[in-house]
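Right, one structure below, let's go through it.
The values are calculated or read from the model by the stated rules, or taken from the named source; none is laboratory data. Computed from a prediction, not measured in an experiment: that's the story for all the values here. In this analysis, Cβ positions are derived from the backbone assuming ideal geometry, glycine residues included, and neighbour counts consider all displayed protein chains. Ligands, DNA and RNA are excluded from the accessible area calculation, which covers all protein heavy atoms including side chains. Shrake-Rupley method; radii C 1.70, N 1.55, O 1.52, S 1.80 Å.
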Amino acid sequence: MSVVFTAASGALPARHRYQPVMRRFYREFGIAPARRVTVVVENDAGIRAWNRAYFKRNARTDVISVTIDEAIDGEPVWGELYVSSQTARREAA
């Protein structure tokens, strides 16, 4: 299992905190452990920009998932998840 965490603004908590969640994600979606998933944590403005670029919707959302399912630089990649920490926090409250 290869998960790449990036943050558009600010540091992310330690990567190990996300491993149990990502293991469950891989299991539930039937993703082979050798495939990479990129998780990008954004703010509301950033997720709105991604939503506009991918779906032509000028609105914020909590999560955008993009399936790539091909090799990039020789590494098998399943896809990318874009998460708005601000929207997710509001919706969880």
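How many of the residues making up segment 42-93 are charged (D, E, K, R) and assigned to a loop (DSSP other than H, G, I, E, B)? Please lay out each step first, then the result.
Our first condition is that a residue be charged (D, E, K, R); within segment 42-93, this holds for 42, 44, 48, 52, 56-57, 60, 62, 69-70, 73, 75, 80, 89-91.
Okay, now just the ones that are also assigned to a loop (DSSP other than H, G, I, E, B), so 56-57, 60, 62, 73.
Counting residues in segment 42-93 that are charged (D, E, K, R) and assigned to a loop (DSSP other than H, G, I, E, B) gives 5.
If you go through segment 40-58, how many residues are more than 14 Å from Leu81 (Cα to Cα), in contact with a helix residue (DSSP H, G or I) (Cβ under 6 Å, 6 or more places away or on another chain) and of a type outside the set (S, T, N, Q)?
2
Being surrounded by 13 or more Cβ atoms within 10 Å (Cβ to Cβ) and not β-branched (Val, Ile, Thr) is the filter; apply it to segment 66-80 and report the residue that is farthest from Thr38 (Cα to Cα).
Pro76
In segment 52-64, is there at least one residue being at pLDDT below 85, open to solvent by 40 Å² or more (accessible area, probe 1.4 Å) and not hydroxyl-bearing (Ser, Thr, Tyr)?
No, that holds for no residue.
Can you tell me which residue in segment 41-51 is farthest from Arg90 (Cα to Cα), limited to those that are surrounded by fewer than 18 Cβ atoms within 10 Å (Cβ to Cβ) and not acidic (Asp, Glu)?
We begin by selecting, within segment 41-51, every residue surrounded by fewer than 18 Cβ atoms within 10 Å (Cβ to Cβ); these are 43-45, 49.
So of that shortlist, the ones also not acidic (Asp, Glu) come out as 43, 45, 49.
Values: Asn43: 12, Ala45: 15, Ala49: 19 Å.
If we take residues in segment 41-51 being surrounded by fewer than 18 Cβ atoms within 10 Å (Cβ to Cβ) and not acidic (Asp, Glu), then Ala49 is farthest from Arg90 (Cα to Cα).
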